[in-house]
1. Ordering Glu270, Glu99, Glu197 from largest to smallest accessible area (1.4 angstrom probe), what's the sequence?
2. What figure, in Å² to the nearest 10, do you get for the accessible area of Arg221 with a 1.4 Å probe and non-protein molecules left out?
3. Counting only helical runs of four or more DSSP H residues, what would the 222 nm mean residue ellipticity of the chain come to if each run contributes -39,500 (n - 2.57) and the total is spread over all its residues?
4. Quick one: accessible surface of Asp258, probe radius 1.4 Å, all protein chains present, in square angstrom to the nearest 10.
5. When the Karplus curve 6.51 cos²θ - 1.76 cosθ + 1.60 is applied with θ = phi - 60°, which whole-Hz ³J(HN,Hα) does each residue of the stretch 60-65 get, with x for Gly and Pro?
6. Determine the share of the stretch 5-50's accessible area contributed by carbon and sulfur atoms, expressed in whole percent, with a 1.4 angstrom probe.
7. Enumerate the calculated ³J(HN,Hα) couplings along the stretch 161-175 in order (Karplus 6.51 cos²θ - 1.76 cosθ + 1.60, θ = phi - 60°), each rounded to whole Hz, writing x wherever the residue is Gly or Pro.
8. Heavy atoms only, probe 1.4 Å: what % of the accessible area of the stretch 227-280 goes to carbon and sulfur, would you let me know?
Amino acid sequence: MASKNRDLALCATGLAKRFGAVQAVSDISLQVEAGSALGLLGPNGAGKSTTLSMLMGLMTPDQGSAQIFGHPAGSAAARKLTGATPQATDFPDQLTPRELLDYTAACYGRQPRSDEVSAQFGLNTLIDRRVAGFSGGELRRVALALAFVGAPGLVFLDEPTTGLDAEARAAFRTVAKAYVATGGALVLTSHHWDEIEAICDSITLIDRGESVLNARINDMRARANTKRLSFSLPEGTVAPQWMQAVRDGHRWHMDARDCDVVLRRMVHEELPFHDLSLEPLTLQGLIDRTRHKETST
C-alpha cells in the first residue's frame, strides 16, 4: 500500500550503505516533487552511484528507506512508475531501436510510441536498423529514449549525455526540460555543470558518502546575490590588485555583489577594459560560495 509520501515523486530518508569496512553512504535524505528535477552531484567515489542504486531500488540500504510515489523503491508498483538510463548500455545486437522501444512500452502497459520518442532523440534514420554496429553515441540515444518511452512519472538519468555530441546534448536538454514542465520528475547525475544548471531546479551534493548540501538553485542565487564580471584588457595590462580578478586566457573574471561600485571605480581609474559582460554566477561558483559560507559560520 502506498504511504503518505505518495504525493512526492521520490522521498528518501536516512539512506546508508556499507561495503565491508567502507562506509559508502551515510545518512542521505532527499525529496523530489513532481514537475521538478534534482541534480545529484559529487566527485568520483563520493557515493553517487551507490545512492542512485538505492533510490532506484537496485540495492537494499543497510539503513533508511526510499519511496517512489509512496511505493517502496524496487517494488513492482514503483518500477511501473520509473524510467532509467544507466551509464552502461548492452542491447542484444539483433534487435532494432523500434523493437526495443515497443517492448519497453509494452512492459509499462503503454501503446507503442516508438516513432514519437525516436524523433525526440534523433533516431529516425536508425529506428529499423539492428543496433549491432551502432556507435557509442547512437546507443546512448537509444538508452535515453527507453527511459521516456513508458511515460513514467520519475526518470533516473546517470551521466545521460556521455558520448553524445553537442547537437544530441542540446536535444536531450530540450526533451528533459519539456518532460519536467509537463509534470515529470527527474534525478540527474552529470559531470557537466551547465547541464545540471539548465535542467535542474535543486541539487544534492554528496561528498564522502554524506549529503553536504541540499538546496534549490534559485535560493542559492538569492543568498549569494553575486554576479560574474568578465572583461578584456589590452596586451600587457593587468587588472589592479583591489579587484582580485582572475585571468583566464584573454579574459579577466571577478565575482562581485555590487557591480555598479566596481564599474564606477574601473572607469574612475581609467582602466582600459573592453568586451565587458555581467552574468549570474555559475552553478559551480554558487556551490563553492554556499559551502564556504556554511563552513565559516
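The values are calculated or read from the model by the stated rules, or taken from the named source; none is laboratory data. This is a predicted model, so every value here is computed, not measured. As a convention, Cβ positions derive from the backbone with ideal geometry for all residues, glycine included, and neighbour counts pool all protein chains shown. Accessible surface areas use protein heavy atoms only, side chains included; no ligands, DNA or RNA. Shrake-Rupley method; radii C 1.70, N 1.55, O 1.52, S 1.80 Å.
1. On the way: Glu270 150, Glu99 90, Glu197 55 Å².
The most accessible residue leads, giving Glu270, Glu99, Glu197.
2. 70 Å²
3. On the way: 10 runs with 99 residues, N = 297.
Roughly -9500 deg cm²/dmol at 222 nm, from the helical runs in the chain.
4. Ignoring ligands and nucleic acids, Asp258 comes out at about 80 Å².
5. 8, x, 6, 9, x, 8
6. On the way: 920 of 2020 Å².
Result for the stretch 5-50: 46 percent of the exposed heavy-atom area is carbon or sulfur.
7. Going residue by residue, I get 9, 4, x, 8, 7, 4, 5, 5, 5, 5, 5, 4, 4, 4, 5 Hz, with x marking Gly and Pro.
8. Working: 1850 of 3710 Å².
That share works out to 50 percent.
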